[in-house]
Structure formats: structure tokens, C-alpha cells
Amino acid sequence: MEYETPLFFHVMSYASDADRDVVDMVSGNPDWEPPEALRDGLREYADFDADRFQYAPSEGLAHLREEIADRRGVDPAQVVVTNGGGEANYLAMARALERRPGGDVILTDPVYPYYPGKTTMLGGEQVFVPAEADGQLDPERVREAASDDLAAIVVNSPNNPTGAVYPRETVEELVAVAEAYDAVLVSDEVYDHYDLSGSFVSALSVDSDHRVVTNSFSKTFAATGLRVGYAVFPHDLVEDAKSRHMLVNVATTRPGQHAAYRALRETDPAYHEANRELLRERVDAFTSALDDAGAEYTVPEGAFYVLARFDGFPGTLENVERLVDEAGVAGMPGEAFGTAYDDWLRFALVTPRVEAAADRLAAYFD
């Protein structure tokens, strides 16, 4: 498959243009409300003086960086505020490949498709390690795939698309592999507030100069359009990352940073627990209907995706389009995430119509 051209927007466009009602379960755009403090922050910003509508400091507003640093137990100088988690991952991978130009980037299979695309764009070589049947990653397989050409290991926990949450032992071992090969572990933790298992461990819990943690407020606060994320770099990697960020983007949205800051400071933990409980209910409802359809499926430990396999119906783009046209449900083809789950389809549980979608699938495959 052409990893350089992810299929998300193609499928969303196809579903939007359909001649029938379609339940959209394509992309991870939360349908629940952002916290009120985020809306308050945006409203408040509209009345600020004109100077507050000019460029923010390139590395991010100082008070936001300090708030992130305090919560993550790091030095504010290590924090770069970015245009969403996507740029945070780009900066981390770029920094790794600046250290070892043309080097290998170990990725999981299945994989979030933007990681391979960034690898190619930055001149790296893709090396895939298959996930286990339960979506977990065996660090020993990563070690076996590593070589002196290793530049980076890129992982995502809680994971998209498998829903796996990596235990502490895995995180520690992945950092150890990066250290052994003088490489960089890039840990994308954008779904950390959607840990349904209670077992999530951040790579920041491992003291190392060989790991970068990336995150975003897009999922955390149900505001993917806010475009505010961040990366936490080791001290010896952060300055060049700041320079690249400045050259590519100059700075990140100032109103968005202010809104994210207020949301961080003022949102009650109950907001996040309510969203996790909503997801648990949706997982139960969706998978129960998949049982009725005779499907095989994954039960996510985190994030908000379910992978499903229907007998004789592989996860191709053609079959996804058939489901849109004939069942009125839009998901993602498993082949978009690599070869390990190319017989599967991925559904994002970010619609109040989860049960309707599952009933349509059950009827279609009956």
C-alpha cells in the first residue's frame, strides 16, 4: 500500500458523497463536548488587546509550557508546543533522523499510517515489527529488528488501531533498545486520557536521554480542530527541534494555546472519567452486535477503535466502499494500517449512532 497517501480523507469523502444515510466511523474525531473551560478560554481571548493576536513565542506560551512541564515532571525547557500531535511526531522523528540520516525507523504492524509516511518524507527506512495477536508489542522482536542503522522506534500507546496499552515492562524495554543502539524512542501518547484498562505508563516514567514523548489536546479535550500539541525532548535534542519548528511553522496558534491552558487548569477529572465510561458503554454495545453478526473483533484496552473481521470480507478499500453503499456504515480498511490486519476493518466509536451502525453490520452480514 502507499503509506505516503493515507486513506482517511478519501473514505470520509466517499461516505459524505454517498446517496444514502451513512454512519461515519472513519476518523478519530470525538463527538462529545469539549470542556467548558476550553470554550471559555476561546471566548475570553476574543476580547484581549491587539498585541495578543500576534505571534506567540515559537516554542509555545511560557505559562502553557510550564503547566505541561509541571504535570509531566520535566523542565519547561524540554517542552515544545506544536501544531497538534502530528507536528510533534514529525519533529521527534526528524530529530532522530538528523542524528542518523537515512537510518531505520522501527514501526509496528499494524501501524498508524502517518508514521510510515513521515519516515519516507524524512528519508528514513521503514522496518516493521508485527504486533502480537492481542495488539501488544514484544520488545524482543523489536530488539531482533534493530541494527546499527537504527535511528528511531515509533510506538503509540494506547494504540491506534489495536487498542493495546503497553505495560511498564514493554515501555522500559523499548527505551533500553533505543539506548543500546543510540537511537530515539518516539512514544506517541495522544490517547493517554482514554486508558480503559488503568494500566497506561508514559515513557516519561523512564529516565533516559533516548526518548521523546509526544501528545496533543485534540483527543484529550475533544477538540481535534484546536491544533495544539506538544513534544517533550531530552535536553540535548530540544534546541534543534525548536529550530525546525520555527522554520516550518513559526509558532502555534496563540488563542488555541490559551484555551488549552485554561482547560488544563480548570477541567475536573470527572470530565475525563465520564468520557471513558461513555467509551466503555459504546465498546459493549458495538461488540455485542458484532457477536450477532458472527464477527471476530478486538476489545480495546484504550483509545476508541474496534477492529472487526467478517468471514470472506477482507479489509480492502473496495469492501469499505461496498459497506458505505450497501450497509450505510463507513469504517477504515485494515490494509490502510499494514499487512497484519489486512483482513480486518477498523471502526472509530466516536458517534452516538454506534448501536445503529452495529445493527446495520449485523443485518448486512446475516
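The values are calculated or read from the model by the stated rules, or taken from the named source; none is laboratory data. What you see is a predicted model, and the numbers here were worked out from it, not measured in a lab. All Cβ positions, glycine included, derive from the backbone under ideal geometry; neighbour counts span all protein chains shown. All accessible areas refer to the heavy atoms of the entire protein, side chains included, with ligands and DNA or RNA removed. Shrake-Rupley method; radii C 1.70, N 1.55, O 1.52, S 1.80 Å.
Below, the figures for the structure above:
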quantity	calculated
Within-10-Å neighbourhood charge of ASP292 [Cβ basis; K, R +1; D, E -1]	-3
Fluctuation leader among THR120, THR287, THR252 - the chain, Gaussian network, Cα springs under 10 angstrom	THR120
Listed candidates (1) 25.8, 80; (2) 20.3, 62; (3) 19.3, 60 - label of the one calculated as Rg and Dmax of the Cα atoms in Å	(2)
Relative contact order %, the chain, counting alpha carbon pairs below 8 Å whose residues are six or more apart	26 percent
Rounded percent of accessible protein surface that carbon and sulfur make up, the chain, 1.4 Å probe	45 percent
DSSP beta bridges in the chain [antiparallel fraction, %, rounded to 5]	45 percent
Selection from ALA231, TYR194, SER16 lying farthest towards where the dipole of the chain points positive, charges on Cβ	ALA231
Selected from MET12, MET25, MET332 as most flexible by GNM, with the chain as the system and alpha-carbon contacts under 10 Å	MET12
Test item: Cα-centred dipole of the chain, Lys/Arg +1 and Asp/Glu -1 on Cβ, debye	1020 debye
The chain: most fluctuating residue of ALA151, ALA50, ALA176 per GNM, C-alpha cutoff 10 Å	ALA50
DSSP bridge orientation in region 78-229 - percent antiparallel, rounded to nearest 5	10 percent
Paramagnetic reach from ALA180 (point 7 Å along Cα→Cβ, amide N under 15 Å) across region 156-173	170-173
Simple label model, 7 Å out from Cα along Cβ direction - GLN126 to HIS235, nm	3.8 nm
Pairwise centroid distance, computed over Cα atoms, of region 277-356 with region 83-142, Å	24 Å
FRET efficiency for ASP19 and ASP366, using Cβ-Cβ distance with R0 set to 22 Å, rounded to 0.05	0.45
Surface accessible to a 1.4 Å probe, per residue, for the residues of the chain, Å²	40 Å²
